[in-house]
1. Looking only at the stretch A:345-391, which residues are touching a helix residue (DSSP H, G or I) at 6+ places or on another chain (Cβ under 8 Å) and on the phi > 0 side of the Ramachandran plot?
2. Here are A:THR27, A:THR15: which of them is within 15 Å of the chain's Cα centre (by Cα), away from chain B (no Cβ under 14 Å) and either in a helix (DSSP H, G or I) or modelled with pLDDT of 75 or more (or both)?
3. For the structure I just gave you, tell me whether A:LEU203 is without any contact (Cβ under 8 Å) to a residue 24 or more places away in the chain and not assigned by TED's automatic domain parsing to the domain that holds A:HIS93.
4. Can you spot a residue in the stretch A:274-284 that is in contact with a Ser or Thr (Cβ under 8 Å, 6 or more places away or on another chain), touching a residue at least 40 places away in the same chain (Cβ under 8 Å) and either assigned to a strand (DSSP E or B) or buried (at least 16 other Cβ atoms within 10 Å of the Cβ) (or both)?
5. Name, by its number, the condition in (1) touching a strand residue (DSSP E or B) at 6+ places or on another chain (Cβ under 9 Å); (2) at pLDDT below 90; (3) more than 7 Å from chain A (Cβ to nearest Cβ) that does not hold for B:GLN29.
6. Which of the residues that make up the stretch A:343-357 are under 15 Å from A:GLY396 (Cβ atoms) and modelled with pLDDT under 80?
7. Of all residues being modelled with pLDDT of 85 or more and closer than 11 Å to A:VAL588 by Cβ in the stretch A:544-558, which is surrounded by the fewest Cβ atoms within 10 Å (Cβ to Cβ)? Just the residue, please.
8. Exactly one of (1) within 14 Å of another protein chain (Cβ to nearest Cβ); (2) buried (at least 21 other Cβ atoms within 10 Å of the Cβ) is unmet by A:ALA249. Its number?
Amino acid sequence: MRFALIGQPNCGKSTLFNQVAGYKAQTGNFAGTTVSYTESRVRVLGEVVEIVDLPGTYTLEGTNPAEREVLNYLASREVDAVINVLDATHLFHGLALTIELLELGRPLVIAVNMMDEAVRMGVRIDGPKLEELLGAPVLPLVASRGRGVRDVFVTALNVARSQHIPPRPNYARDVEEAIQSIAAGIDGQFAPLRGEAMAAMLLEGDAHFTQRVSSELPELLPVAREAQEHILNVRGQDAARVLAAERHALAASLAEKVVERHEHRLTLRDRLDDVLLHPIFGYVALIAILYLFFQGVYGFGSLVERPILAFFDNLEKWLVPLIGGQNLVGALAAGLLQGISGGVAIVLPYLVPFLVGLGLLEDVGYLPRMAFLMDSLMHRLGLHGKAIVPFILGYGCNVPAIMSTRILDDPRERLLAATLSTLVPCAARLSVVFGLVAFYLGPNIALAIYLFNLFVIAVTGRILSRMIPEDTPGLIMEIPVYRTPTLRNVLAKAWFRVHDFVVEAWPVLIAGSAVLALLTYLNLTPYFNLMLRPISWLLGLPSQVGVPLIFGILRKELSLIMLRQALGGASFAAALTPVQMITFSVFVVFYIPCLATLSALRRELGGKAMLGIAGLTVLIASLAALIARGVASLVL
Amino acid sequence: MYLIDASFGKTVRIAAFEGGRRLEAKLRQIGLMPGDTVTVVRAAPLGGPLLLDVQGRLVAIGRGVASRVVVEEIECVSH
């Protein structure tokens with residue numbers, strides 16, 4: 001048994017998914033957080049059901065890869081029931097998708113989410129009437145608080161078992177005739193899709209399905225073309241437009257029948273935008289929010305880092321002589337311990353508050369407002385405001401950032417945004433900047449590195465957008481209402497992301513520390529360092545940075561932890577000058593993305609683009625570090 | 001008249017889109033269709049996007065896009 005969750009971006013599908021599946025899907029109060037689909041198994045009334053969280057989409061018309069993915073999934077794999085999640089506060093806009101889903105001919109359950117929000121906004125929805133009009137079960141839902149979740153899945157199980165297929169939407173007669181004329185030539189070849197669904201897509205001239213039909217049922221194409229011409233003659237508009245207008249009109253008439261709007265008093269939330277999107281105060285607020293955010297992360301991190309680091313130092317001093325000091329076992333033990341302490345003391349204290357903060361900003365709905373404020377700036381990078389999403393996600397981890405570039409519409413923009421978002425310092429690199437620069441030289445210099453990073457990204461964006469020119473169509477993006485984040489969701493999301501670090505990166509980190517300890521013990525490190533000597537010489541860094549930089553390609557946080565090892569466990573302050581700390585951090589911020597990011601790049605853009613980006617980042621890193629070295633030597 | 005020329009707070013009706021199928025499809029997807037009424041509620045400075053109220057929903061569109069949306073004024077001020 002398999003259910004698919006589908007709905008418009010930001011309607012709360014992923015929140016619903018997480019309610020039943022534990023925390024597995026990325027959620028956030030902006031469009032495009034779920035870019036690939038996540039599957040999970042749950043038990044409903046004793047039956048094991050696979051639940052698939054599909055990326056949010058406004059229509060089944062696939063104009064960008066995220067939307068393509070949804071339709072492909074519904075058309076190609078056996079889904080036993082479709083759960084359509086609608087946002088009660090904007091029912092009308094969600095219904096256009098619902099009408100397309102009715103067309104598909106799959107068992108359908110409609111979950112009207114955010115009922116609490118709707119009540120607050122003075123919107124009342126007549127569920128039973130909607131159910132009657134659509135011919136598919138309609139259920140109320142408050143996914144964020146888990147209300148109504150069980151009913152939705154039990155109903156889905158029922159419609160799936162009985163294979164209850166809702167009736168098709170009622171189009172105008174000429175459109176219906178055109179669809180039927182095509183559907184007459186289809187005899188279940190495209191099951192589980194209803195013949196009329198395929199007919200409607202052919203009528204619209206959907207490129208993907210037209211291609212599929214041309215290989216599977218080529219005799220249908222002339223019929224479809226004839227129907228298209230007929231519509232064009234009768235309506236004076238192409239069929240795609242006519243069908244969209246039909247659905248729009250159907251949705252509007254449905255909404256009119258079931259939605260009742262009462263006046264509601266303007267609340268604080270409605271007035272928040274007067275400040276946060278204000279042409280002047282909006283930017284003041286943006287800077288203040290980001291400043292507080294970084295101060296908070298630093299404040300918490302440094303508070304925790306010192307005592308933990310001290311504890312592990314003492315542990316090492318006590319443990320290593322106990323095992324046997326300078327022999328192989330002792331060296332390995334020290335290496336392992338440093339790997340463990342590196343994770344606990346240097347990475348986690350900054351990563352956890354950062355991710356909690358990012359989760360808060362996401363769930364409140366501030367990120368799209370940042371996109372709104374930053375759009376004109378992003379234009380100067382050859383991108384538009386929507387591309388801020390990969391950038392912001394990039395501060396957490398570059399991998400979801402690169403995956404989220406799928407929400408962008410053209411390939412050029414995706415390439416550009418993916419390239420630039422690998423330059424965004426992720427949480428792992430944050431730990432390097434904070435653990436080294438902020439810890440020893442103060443938070444303001446760390447902030448300066450972040451600002452310098454933005455500058456480098458801007459310059460790179462400008463140069464690249466000149467090299468691959470094409471006009472961008474401009475920003476078109478929904479701005480969600482502010483929502484009060486639930487603590488549970490924010491913490492679950494932070495845990496989901498921390499979990500990644502703990503299970504994937506940390507073992508590599510510990511093993512890496514041990515390998516490095518071994519290399520040091522066997523006196524092999526000089527060879528590796530020699531290989532990277534040209535770079536370390538150029539940047540005025542000690543040659544020992546070579547090995548940490550190589551390990552940094554595995555995981556960025558390794559470069560700092562390994563550096564500690566490579567410098568013989570001495571305090572950074574004793575081994576490096578402030579200028580060297582800054583130069584090293586800047587280089588680490590920009591050079592070759594980590595393995596996970598590289599593989600995401602290969603998946604999204606191909607191997608050639610991945611190698612190109614890796615090469616480019618080494619060049620950028622060297623230049624940026626040189627500039628940082630020059631400026632730091634002058635200032636400090 | 002184009003949407004970019006509409007004054008703040010004034011509700012206008014979308015008459016047509018100029019500027020290609022792709023742009024039109026994108027606007028359609030976010031729920032903007034000829035015949036719909038929209039209100040420009042704010043604008044980001046320095047050539048930034050416009051913020052529209054589309055029947056209670058907020059949609060941001062760039063000025064380039066707004067200059068390709070043909071709108072007409074309607075009699076009543078609010079819907």
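1. Selection gives A:GLY382 alone.
2. A:THR15
3. On the way: without any contact (Cβ under 8 Å) to a residue 24 or more places away in the chain: no; not assigned by TED's automatic domain parsing to the domain that holds A:HIS93: yes.
No; evaluated as a whole, the condition is false for this residue.
4. no
5. Of everything listed in (1) touching a strand residue (DSSP E or B) at 6+ places or on another chain (Cβ under 9 Å); (2) at pLDDT below 90; (3) more than 7 Å from chain A (Cβ to nearest Cβ), B:GLN29 misses just condition (3).
6. A:VAL347, A:LEU348, A:TYR350, A:LEU351, A:PHE354, A:LEU355
7. A:LEU549
8. Answer for A:ALA249: the failing condition is (2).
The values are calculated or read from the model by the stated rules, or taken from the named source; none is laboratory data. A quick note: this is a predicted structure, and the numbers were derived from the prediction, not measured. All Cβ positions, even for glycine, are placed from backbone atoms using ideal geometry, and neighbour counts span all protein chains on display.
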